[in-house]
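Notes follow once the structure below has been shown.
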Amino acid sequence: MITITLPDKSQRQFESGVTGMDVAQAISPRLAKEVLAVSVNGAVWDLNRPILEDAEIKLFKWEDREGQETFWHSSAHLMAEAIETYFPGTKFGIGPTVDTGFYYDIDLPEGKQITEKDLEKIEKLMLELSRQKNNIVRSEISKADALKMFETKGDALKLELISELEDGTITLYNQGNFTDLCRGPHLPNTEYIKAVKLTAIAGAYWRGNEKNKMLTRIYGVTFPKQKMLEEYLILMEEAKKRDHRKIGKEMELFTFSQKVGQGLPMWLPKGTMLRMQLEDFLKKVQKKFGYEQVMTPHIGDVNLYKTSGHYAKYGADSFQVIKTPQEGEEYMLKPMNCPHHCELYAFKPRSYKDLPIRMAEFGTVYRYEQSGELHGLTRVRGFTQDDAHIYCRPDQLKDEFKKVIDIIFIIFKALDFKDYTAQISLRDPNKPEKYIGSPENWDKAERAIIEAAEEKGLITVTELGEAAFYGPKLDFMIKDALGRKWQLGTIQVDYNLPERFELEYIGADDKRHRPIMIHRAPFGSMERFVAVLIEHTAGKFPLWLTPEQVVVLPISEKYNEYAKGVSDFLNNSDIRSLVDDRNEKIGRKIRDNELKRIPYLLVVGEKEAETQTISVRRQGQGDIGTMRWSEFEQLVQTEVREQLSSFYN
RNA sequence: GCCGGGGUAGCUCAGGGGUAGAGCGCUUCCUUGGUAAGGAAGAGGUCACGAGUUCAAUUCUCGUCCUCGGCUCCA
């Protein structure tokens, strides 16, 4: 007999060799129906893998990430099985899960190509295979046997993977006629997979290296219920409507021009208004935090970037140097603002009493991003960073870092960004040669970031080896409408640039010391931020505005969407009456195209309950007072009315 | 940059070797307390750009530019 400990610490006795599924059965038949995977002493296992010794286990259902991953990973195998049937001779790379669903990298037989139509057929095939209810069987295999097996199949990709694995750790999974090298875990059988949608075909380099062969990557997503798939597809449709590129065009916020060049966004009047509101807001916050605005040119002498080290990094792959009539004179479009700011710091001798010095600039920078990478406003070639550099003493580092986190909190709160990820990026301890600066300084900087984040109550994920070569950093990521993650705010500690620019301050000891530099951009860039903001807020009117500023809300151009969006706030009859008022004045109804020209609607807060009391503040006026929602709605109505009349008069 | 889709009216898109269509929008007029409506008339396109094949190219071929989904990269 062995003892199985459940998450609630309760213990049960079972025969040795009991499976996760057996335990689930013993608890309840319903659980047994829903359970997808089991963790045994922390490792996720197949449900039907025998447990031989005492263990702590946890059962995972669809609601658990582990359950979904198991489900989707098995789905990837099912897809591979279907593809092998559909295109015999296909070689398989890897088939992992992603945030939503899974993919498989495949190498199609010579001359074969896969199209959207093929996907539908493969989907059908997958469902047929699923109905065969084939058991997914795990088996351990020696390295030699594994190599032999995939050699006979002629599968070079798998051979490469196997050759890197240690003997004794290699497992195979089989279902029906399909066997794949795999660590697992998997579902007990294929029948669990009830709904399939293959979402995309894409090219991908083998093992992510562009020198390797380009494989075909097929993305898919599966669900245990057909209804869940339908809901998912509707969600994706909704998300597409929120795409900032679509809304940006509809609302005339920004545009691109073929003649101006790719990746170079231009802000239309309404978009400029929105952007300036954000800039003003941040400037105000920064002023409170002791920042000083500075301005620097868009170009700089090549030597500036050679000093900073950016030339080495951006030189060859960037916009090329600008020549002048003067022989040997070369300038570059600035790829970042830091070198200029360092020269501002070096403008005069600094005392330890002067520090910290906080220089802020909405600095437009230019980077030659790979053409295939450009994407709406989220990835462009010319963009404006809400940049600032803080030069401080080592003893000020942590405190300054915390203050930057405060600023980011203020912004995220103001704009109702709740669902973000904070990532601490540290150096790779095994590769000290990758980083500059003394290990002591690195230790200090990393500790400062970790402690600052902790003291601010920030929930973070830590990534080793993700640090910049000059220092560790803290990044904030937000998802766009389609769930893609974008890095927005970033705070980076830098020991490198002060060194390269020989920045100094005179300490209390009358000796020269090197300041530490913090790079930070709470928005990241205005372009990317506005993009994410649009997707984040679109469709869930009212926009935002909480603490002490009113930010403009772009309203959708379509009357229907407008009415639908605002109905959270004001019901439709309110809107109609506003329109009717206007109607009387001008002797006829306001038409859609007139209404849509009203550029912005001011709204505050987010409605939670009819009777909820909220405190409302207004930019430039501060606190307006505490009021109920009904009163607040009145206020908003007045706002709308004013906007309407100011628009027409 | 690489792999694979696209580029036709302001927008969303259909079409396809014989120089263009729809819906919405736009303009003018009419109608209308069932109106987030209806009617009539109208404006608007060198079918992304360049070259080639052809009697004839928006349609086929090639190149260029732009764009979309990914890969690598990044704010």
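The values are calculated or read from the model by the stated rules, or taken from the named source; none is laboratory data. Note that the structure is predicted; figures quoted are calculated from it, not measured. Don't worry about glycine lacking a Cβ; one is built from the backbone with ideal geometry, like all the others, and counts go over all protein chains shown. Just so you know, the surface numbers come from the protein's heavy atoms only, side chains and all, with ligands and any DNA or RNA stripped out. Shrake-Rupley method; radii C 1.70, N 1.55, O 1.52, S 1.80 Å.
If you check A:Ala467, A:Ala531, A:Ala508, which single one turns out to be touching a residue at least 12 places away in the same chain (Cβ under 8 Å) and either closer than 18 Å to A:Ile424 by Cβ or not small (Gly, Ala, Ser) (or both)?
A:Ala467
Those residues that are more than 8 Å from the chain's Cα centre (by Cα), part of a strand (DSSP E or B) and near RNA strand B (Cβ under 10 Å from one of its atoms), I need them from the stretch A:475-498; list them, please.
The answer is A:Asp475, A:Phe476, A:Leu488, A:Gly489, A:Thr490, A:Gln492.
Among the residues of the stretch A:488-506, is there at least one that is more than 24 Å from A:Ser351 (Cα to Cα) and not β-branched (Val, Ile, Thr)?
Yes, some residue in the stretch A:488-506 is more than 24 Å from A:Ser351 (Cα to Cα) and not β-branched (Val, Ile, Thr).
Would you call A:Ile405 part of a helix (DSSP H, G or I) and of a type in the set (Val, Ile, Thr)?
Judged against the criteria, A:Ile405 is a match.
Does the stretch A:403-420 hold any residues that are open to solvent by 60 Å² or more (accessible area, probe 1.4 Å) and touching a helix residue (DSSP H, G or I) at 6+ places or on another chain (Cβ under 7 Å), and which are they?
Within the stretch A:403-420, A:Tyr420 is the sole residue that qualifies.
Go through (1) assigned to a loop (DSSP other than H, G, I, E, B); (2) surrounded by fewer than 15 Cβ atoms within 10 Å (Cβ to Cβ) for A:Ile114 and report which single condition fails.
The single condition A:Ile114 does not satisfy is (2).
So if I check each of A:Ile201, A:Ile218, which one is part of a strand (DSSP E or B) and either touching a Phe, Trp or Tyr at 6+ places or on another chain (Cβ under 7 Å) or over 16 Å from A:Ala76 (Cβ atoms) (or both)?
On inspection, the qualifying residue turns out to be A:Ile218.
Of these, A:Lys413, A:Lys418, which one is in a helix (DSSP H, G or I), out of contact with any strand residue (DSSP E or B) (no Cβ under 9 Å at 6 or more places or on another chain), at pLDDT below 90 and farther than 17 Å from A:His519 by Cα?
A:Lys413
Which residue pairs have Cβ atoms closer than 7 Å, lie 6 or more positions apart in sequence or on different chains, and pair a first residue in the stretch A:427-446 that is closer than 12 Å to A:Leu464 by Cβ with a second residue that is open to solvent by less than 40 Å² (accessible area, probe 1.4 Å) and among the hydroxyl-bearing types (Ser, Thr, Tyr)?
Short answer, once both residue conditions are applied: A:Arg427/A:Tyr435.
Using the structure shown, decide if A:Lys246 is under 23 Å from A:Thr384 (Cα atoms), open to solvent by 40 Å² or more (accessible area, probe 1.4 Å), within 12 Å of RNA strand B (Cβ to nearest atom) and part of a helix (DSSP H, G or I).
Taking the combined requirement at face value, the residue satisfies it.
Identify the single condition in (1) within 15 Å of A:Tyr173 (Cβ to Cβ); (2) surrounded by fewer than 17 Cβ atoms within 10 Å (Cβ to Cβ) that A:Asp54 does not satisfy, given that it satisfies every other one.
Evaluating A:Asp54 over (1) within 15 Å of A:Tyr173 (Cβ to Cβ); (2) surrounded by fewer than 17 Cβ atoms within 10 Å (Cβ to Cβ) leaves (1) as the failure.
Criterion first (of a type in the set (D, E, K, R), more than 25 Å from A:Val380 (Cα to Cα), open to solvent by 30 Å² or more (accessible area, probe 1.4 Å) and within 16 Å of RNA strand B (Cβ to nearest atom)) does A:Glu463 satisfy it?
Yes.
Which condition from (1) surrounded by fewer than 18 Cβ atoms within 10 Å (Cβ to Cβ); (2) within 9 Å of RNA strand B (Cβ to nearest atom) is the one that A:Thr272 breaks?
Of the numbered conditions (1) surrounded by fewer than 18 Cβ atoms within 10 Å (Cβ to Cβ); (2) within 9 Å of RNA strand B (Cβ to nearest atom), the odd one out for A:Thr272 is (2).
Going through the stretch A:28-48 one residue at a time, which ones are surrounded by fewer than 18 Cβ atoms within 10 Å (Cβ to Cβ) and touching a residue at least 24 places away in the same chain (Cβ under 8 Å)?
A:Leu31, A:Glu34
Yes or no: A:Lys241 in contact (Cβ under 8 Å) with a residue 12 or more places away in the chain, open to solvent by 90 Å² or more (accessible area, probe 1.4 Å), more than 12 Å from RNA strand B (Cβ to nearest atom) and not hydroxyl-bearing (Ser, Thr, Tyr)?
no
In the stretch A:345-371, what count of residues is obtained for those that are charged (D, E, K, R) and either over 22 Å from A:Lys288 (Cα atoms) or within 16 Å of RNA strand B (Cβ to nearest atom) (or both)?
5
Is it fair to say A:Gly67 is surrounded by fewer than 23 Cβ atoms within 10 Å (Cβ to Cβ) and in contact with a Lys or Arg (Cβ under 6 Å, 6 or more places away or on another chain)?
Yes: the conditions hold for A:Gly67.
Can you name every one of the helices (runs of 4 or more DSSP H) wholly within the stretch A:295-402 that holds 2 or more residues which are open to solvent by 10 Å² or more (accessible area, probe 1.4 Å) and within 19 Å of A:Gln492 (Cβ to Cβ)?
The qualifying helices (runs of 4 or more DSSP H) are A:310-314, A:338-345.
Does the stretch A:154-173 include one or more residues that are surrounded by 14 or more Cβ atoms within 10 Å (Cβ to Cβ), of a type in the set (S, T, N, Q) and touching a helix residue (DSSP H, G or I) at 6+ places or on another chain (Cβ under 7 Å)?
So far as the stretch A:154-173 goes, no, none of its residues is surrounded by 14 or more Cβ atoms within 10 Å (Cβ to Cβ), of a type in the set (S, T, N, Q) and touching a helix residue (DSSP H, G or I) at 6+ places or on another chain (Cβ under 7 Å).
Within the stretch A:442-464, how many residues turn out to be part of a strand (DSSP E or B) and closer than 17 Å to A:Asp428 by Cα?
Qualifying residue count for the region: 4.
If A:Gly263 satisfies every condition in (1) within 16 Å of RNA strand B (Cβ to nearest atom); (2) surrounded by fewer than 20 Cβ atoms within 10 Å (Cβ to Cβ); (3) touching a residue at least 24 places away in the same chain (Cβ under 8 Å); (4) within 30 Å of A:Met526 (Cβ to Cβ) but one, which is the exception?
Looking at each condition in turn, A:Gly263 falls short on (2).
Being crowded, with 16+ Cβ neighbours inside 10 Å, within 12 Å of RNA strand B (Cβ to nearest atom) and either modelled with pLDDT under 85 or hydroxyl-bearing (Ser, Thr, Tyr) (or both) is the filter here; which residues of the stretch A:205-223 pass it?
The answer is A:Trp206, A:Leu215, A:Thr216, A:Tyr219.
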